[in-house]
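Engineer: Could you have a look at this structure, given as structure tokens, before my questions?
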Amino acid sequence: MPILRDNELDIISHSVEQTQRIGARLGALLQAGDVICLAGDMGAGKTVFTAGIGRGWGAIAPVTSPTFNLVHEHRREKDNLRLIHIDCYRLQGVADLETIGFDDILARHGVLIIEWPERIEGALPKDKLWIEFNILEPTRRSFLLEADGARYQQLLNQFKEATFGV
């Protein structure tokens, strides 16, 4: 019996730079409407990974943490598509989403990256890519990617191919 299901992938990163490179591989594959949820403890690498996503996706400006603003919006020059980065750490639950215009954000059909998605889980779309971050050692992190829905299974398969040639 396999340890992981077909819709899962477990990765270990050994450095900040490697975490960013892994994020960049994923970012290069993202399309309008994609929802990526990044869960895990403080300091587990979610924002570092997101910075890599932004780089691989082609964000004009570096992606940084929106912890105090809650939402950062980035664009890329080639098609003016938006990458919307939400940090839900300071939200108490789904009711707080009105303060950031979450329904409007979903309607924009950009790429959506959500840190601390467990705080708003009831409002998340059914189909998404969920990534669970864990601290293993001071510089080592594990990421468990779980695809929910056909688009995200396709994305996970493309990511496996781009990253491991599998």
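The values are calculated or read from the model by the stated rules, or taken from the named source; none is laboratory data. Fair warning: this is a prediction, and the values are worked out from it, not measured in the lab. Neighbour counts run over all protein chains shown; Cβ positions are idealised from the backbone, glycine included.
Engineer: Name the one entry in ARG82, ARG90, ARG119 that is without any contact (Cβ under 8 Å) to a residue 40 or more places away in the chain and within 19 Å of ARG151 (Cβ to Cβ). It would help to see each step written out before you state the result.
Structural biologist: Details: ARG90 fails: within 19 Å of ARG151 (Cβ to Cβ); ARG119 fails: within 19 Å of ARG151 (Cβ to Cβ).
One residue alone meets the criteria, ARG82.
Engineer: Further question on the same structure: Quick check on the range 97-133: of everything there that is out of contact with any Ser or Thr (no Cβ under 8 Å at 6 or more places or on another chain) and of a type in the set (Phe, Trp, Tyr), which residue is modelled with the highest pLDDT?
Structural biologist: Filtering the range 97-133 for residues out of contact with any Ser or Thr (no Cβ under 8 Å at 6 or more places or on another chain) gives 97-112, 114, 116-132.
Still in the list and also of a type in the set (Phe, Trp, Tyr): 102, 116, 130.
Working: PHE102: 82, TRP116: 93, TRP130: 98.
Checked the range 97-133; the qualifying residue modelled with the highest pLDDT is TRP130.
Engineer: Of all the residues that make up the range 115-166, how many are within 16 Å of the chain's Cα centre (by Cα), farther than 25 Å from LEU97 by Cβ and of a type in the set (A, V, I, L, M, F, W, C)?
Structural biologist: Total meeting the criteria: 4.
Engineer: While we're looking at this one, here's another question. I'm checking my understanding of the structure. Among residues of the range 1-43 that are among the hydrophobic types (A, V, I, L, M, F, W, C) and part of a strand (DSSP E or B), which one is farthest from HIS109 (Cα to Cα)?
Structural biologist: Of all residues in the range 1-43, those among the hydrophobic types (A, V, I, L, M, F, W, C) come to 1, 3-4, 9, 11-12, 16, 22, 24, 26, 28-30, 32, 35-39, 42.
Cutting the leftovers down to part of a strand (DSSP E or B) gives us 9, 11-12, 35-39.
Values: LEU9: 26, ILE11: 28, ILE12: 31, VAL35: 9, ILE36: 13, CYS37: 15, LEU38: 19, ALA39: 22 Å.
Step by step, filter the range 1-43, then rank; the result is ILE12.
Engineer: Could you tell me which of the residues ALA24, ALA51 is within 15 Å of the chain's Cα centre (by Cα), under 17 Å from LEU156 (Cα atoms) and aliphatic (A, V, I, L, M)? Show your work before the answer.
Structural biologist: Numbers: ALA51 fails: under 17 Å from LEU156 (Cα atoms).
Selected residue: ALA24, the only one of ALA24, ALA51 that is within 15 Å of the chain's Cα centre (by Cα), under 17 Å from LEU156 (Cα atoms) and aliphatic (A, V, I, L, M).
Engineer: Loosely packed, with under 14 Cβ neighbours inside 10 Å and either of a type in the set (Phe, Trp, Tyr) or touching a Cys at 6+ places or on another chain (Cβ under 9 Å) (or both): which single residue out of PHE133, PHE159, PHE102, PHE164 fits that description? Step through it out loud before you land on a result.
Structural biologist: Numbers: PHE133 fails: loosely packed, with under 14 Cβ neighbours inside 10 Å; PHE159 fails: loosely packed, with under 14 Cβ neighbours inside 10 Å; PHE102 fails: loosely packed, with under 14 Cβ neighbours inside 10 Å.
Within the list PHE133, PHE159, PHE102, PHE164, the selection yields PHE164.
Engineer: Moving on to the next point. Specify the residue that is nearest to GLU8 (Cα to Cα); the eligible residues are those in the range 96-137 that are among the small types (Gly, Ala, Ser) and in a loop (DSSP other than H, G, I, E, B).
Structural biologist: First, the residues of the range 96-137 that are among the small types (Gly, Ala, Ser): 101, 107, 110, 122-123.
Adding the requirement that they be in a loop (DSSP other than H, G, I, E, B) leaves 101, 110.
On the way: GLY101: 31, GLY110: 24 Å.
If we take residues in the range 96-137 being among the small types (Gly, Ala, Ser) and in a loop (DSSP other than H, G, I, E, B), then GLY110 is nearest to GLU8 (Cα to Cα).
Engineer: If you don't mind, there's one more thing I want to ask. For the range 57-82: of the residues being crowded, with 20+ Cβ neighbours inside 10 Å and closer than 24 Å to HIS14 by Cβ, which is modelled with the lowest pLDDT?
Structural biologist: Among them, the one singled out is VAL63.
Engineer: Inside the range 32-48, can you point out the residues that are within 16 Å of LEU155 (Cα to Cα) and either surrounded by 14 or more Cβ atoms within 10 Å (Cβ to Cβ) or in contact with a Lys or Arg (Cβ under 8 Å, 6 or more places away or on another chain) (or both)? Lay out the reasoning, then the answer.
Structural biologist: Filtering the range 32-48 down to residues within 16 Å of LEU155 (Cα to Cα) leaves 32-38.
Within the range 32-48, GLY33, ASP34, VAL35, ILE36, CYS37, LEU38 meet the criteria.
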